[in-house]
Amino acid sequence: MNKPAATSPFHPRNRHQGRYDFAALTAAHPPLAVKVRPNGYGELSVDFADPEAVMLLNQALLKLFYNLNWQLPAGYLTPPVPGRADYVHALADLLAGDNGGVVPRDLDVMDIGCGANCIYPLIGNAEYGWRFTGTDITSEAITVAGQIVASNPGLQRAVRLRRQKDASAIFAGVVHKNEHYHAVLCNPPFHASAEEAATVGQRKTRNLGLGKNAPLNFGGHHNELWCDGGERKFVGQMIAESVAYSDHIIWFTSLVSRKENLPALRDQLRDLDAYEVRIIEMAQGQKQSRFIAWTFQPPATRAKRLKR
């Protein structure tokens, strides 16, 4: 039985409320139509175990709601667009807190590990007009992301891409000497090893009723899915490096999928004398997600920089 159409309660400004309107989606992106059929609940849906169907659905969502052209080669991580949009809107609320409750528009944001899909810069620019610098450690991801940016008129002025050539660093080499950013966002590699990623992937295919050799419906290259030590180590490294960039960046943020990782990350930030640390919860139906946000700058400084 297929997964029912989305009904998750998202952020109030998230465009993806309620169930998918497949009539509107297929009108916006006709290739999706061949994948739409009644599911086990008698509702129109797509087979979420079919990677091509998931890709076409994402293309339709991005076309219908943001007028974006989006094409991703097979094998790359296909992001769930509604959930990614929630992070952007929640980040906007965080920044609005330093701007008298008004979401600031004239912003520079860095996306650490933008991946080939480049999803956060696409949504952030479409919703708020923010300028983005997306980074990634692989030239292949940067190339594909660059093709997506180039296929959307006007985006090349708003989104720039940089390869992180030093795999041991997160900020060094991609944050230039005289640059300043209002925020950083990041969706860190979740798993701690290739073996862990493979085990979880196999369990997911079993739950979807697929064979053990079936492709993952959301795909993903190894650097998108795992890194040594997983998200705990990656975000911990972000925190350690962020001290040196505390004057360059107002708010550092990262998704944290495993809630049990939060106490250690908070302790690390306390030891480094972060001025403020927040945990922003995001509820998407039965799925709970969150991001951790920290800054070394006091409110008055943050407000002044937002009004530059």
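The values are calculated or read from the model by the stated rules, or taken from the named source; none is laboratory data. What you see is a predicted model; the values in this text were computed from it and never measured. Backbone-built Cβ (ideal geometry, glycine too); neighbour counts: all protein chains shown. To get the accessible areas, we keep the full protein, side chains included, count just its heavy atoms, and leave off ligands, DNA and RNA. Shrake-Rupley method; radii C 1.70, N 1.55, O 1.52, S 1.80 Å.
How much accessible area per residue does the stretch 68-178 have, in Å², with a 1.4 Å probe?
With the other protein chains kept in place, the stretch 68-178 gives 37 Å² per residue.
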task = For the stretch 26-153, with all protein chains present and a 1.4 Å probe, just round the carbon and sulfur fraction of the accessible area to a whole percent.
result = 56
ask   = About the Cα centre of the stretch 1-137, what is the dipole size in debye to 20, counting +1 per Lys and Arg Cβ and -1 per Asp and Glu Cβ, all else neutral?
value = 340
task = Give the shape of the stretch 26-107 as rounded, prolate or oblate, defined through the alpha-carbon gyration tensor: a ≥ b ≥ c are the square roots of its eigenvalues, a/c under 1.5 means rounded, and otherwise the shape is prolate if a/b is larger than b/c and oblate if not.
result = prolate
